[in-house]
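The values are calculated or read from the model by the stated rules, or taken from the named source; none is laboratory data. Worth saying up front: this structure is predicted, and the values here are computed from it rather than measured. We place every Cβ from the backbone using ideal geometry, glycine too, and count neighbours over all the protein chains shown. Remember, those area values only see protein heavy atoms, side chains included, never the ligands or the DNA or RNA. Shrake-Rupley method; radii C 1.70, N 1.55, O 1.52, S 1.80 Å.
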Amino acid sequence: MISENLKTVQNNIEQACKRAGRNPDEVTLIAVSKTKPVEMIHEAMLCGSTDFGENKVQEMCNKIEVIPDKNIRWHLIGHLQTNKVKYIVDKAYLIHSVDSLKLAQMIDSCAKKKNVTCDILIEVNVAGEESKFGIKPSECEELVRQISTLENVRIKGLMTIAPFDENPENNRPYFKELKKLLVDIDNKNIDNVSMGILSMGMTNDYEIAVEEGATHVRVGTGIFGQRQYNI
Ligand SMILES: *Cc1c(COP(=O)(O)O)cnc(C)c1O
């Protein structure tokens with residue numbers, strides 16, 4: 001099942017790239033494995049997946065421990081609490097969910113202690129949903145400037161979680177807005193900041209996100225099937 005799903009998603013990404021005149025090599029598929037067992041990650045690895053997304057620090061650390069494969073890139077995509085930073089700062093390939101100076105400062109200080117630099121994205125709540133984390137688009141440049149002064153943190157781009165919508169076409173304006181914000185900030189040439197990564201699009205809307213310039217899509221259900229949460 002996973003193998004078939006991966007082929008379908010990859011094919012859809014290629015088609016979306018074609019429609020947008022983009023090179024599919026520009027798009028990284030992050031297989032979101034949260035709540036899913038290690039066996040399923042292994043199965044995806046056998047099909048060539050190298051990028052995995054987790055939203056909980058503890059779960060990610062547990063999985064890294066049983067899958068100590070150096071070729072795997074672990075993306076932390078969920079909300080990060082400052083007191084958990086120390087556990088992942090040298091393990092996450094990219095932290096997608098930085099939305100405050102305080103959190104970035106904690107990442108910086110933990111990274112210093114471990115003698116690493118940590119790559120991060122700024123999470124932007126483009127749709128302005130109250131239930132979601134992320135900063136307002138209007139606050140983005142200021143936060144980027146503040147974080148850019150931290151020595152052991154590198155801003156690599158922006159991330160957003162669009163609303164769930166039966167019709168993914170409705171999310172296109174949000175993706176367009178995040179891309180525009182990325183280009184605008186990139187044009188300011190802020191030291192220590194690169195705006196190469198645009199992390200947007202999930203199972204429901206990744207094709208639209210790719211058409212609008214996503215460099216990283218985060219697909220869980222479309223690869224591993226529905227998640228079951230123990231309530
Ligand atoms: C769970 C999650 C995803 C994947 O969602 P699907 O709809 O299952 O593809 C992507 N991004 C974030 C931040 C998530 O928490």
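Hey, among Lys180, Lys156, Lys188, Lys136, which residue is under 25 Å from Gln15 (Cβ atoms), at pLDDT 95 or above, away from the ligand (no atom under 13 Å from the Cβ) and open to solvent by 10 Å² or more (accessible area, probe 1.4 Å)?
Details: Lys156 fails: under 25 Å from Gln15 (Cβ atoms); Lys188 fails: under 25 Å from Gln15 (Cβ atoms); Lys136 fails: under 25 Å from Gln15 (Cβ atoms).
Sole residue among the options that is under 25 Å from Gln15 (Cβ atoms), at pLDDT 95 or above, away from the ligand (no atom under 13 Å from the Cβ) and open to solvent by 10 Å² or more (accessible area, probe 1.4 Å): Lys180.
Read through the list (1) open to solvent by less than 40 Å² (accessible area, probe 1.4 Å); (2) within 13 Å of the ligand (Cβ to nearest atom); (3) farther than 21 Å from Ser3 by Cβ, then give the number of the only condition that Val32 fails.
Result: Val32 fails condition (3) only.
Under 7 Å by Cβ, and 6 or more places apart or on different chains, what pairs join a residue from segment 205-221 that is away from the ligand (no atom under 13 Å from the Cβ) with one that is open to solvent by 20 Å² or more (accessible area, probe 1.4 Å) and of a type in the set (S, T, N, Q)?
Short answer, once both residue conditions are applied: Thr215/Thr28.
Could you please tell me which pairs satisfy a Cβ distance under 7 Å, a separation of 6+ or placement on different chains, a first residue in segment 79-91 that is over 18 Å from Gly134 (Cβ atoms), and a second residue that is among the charged types (D, E, K, R)?
Matching pairs, first to second residue: Val89/Lys114; Asp90/Lys114.
All but one of (1) touching a residue at least 40 places away in the same chain (Cβ under 8 Å); (2) within 16 Å of the ligand (Cβ to nearest atom); (3) more than 14 Å from Leu121 (Cα to Cα) hold for Met200; state the number of the condition that does not hold.
Of the numbered conditions (1) touching a residue at least 40 places away in the same chain (Cβ under 8 Å); (2) within 16 Å of the ligand (Cβ to nearest atom); (3) more than 14 Å from Leu121 (Cα to Cα), the odd one out for Met200 is (3).
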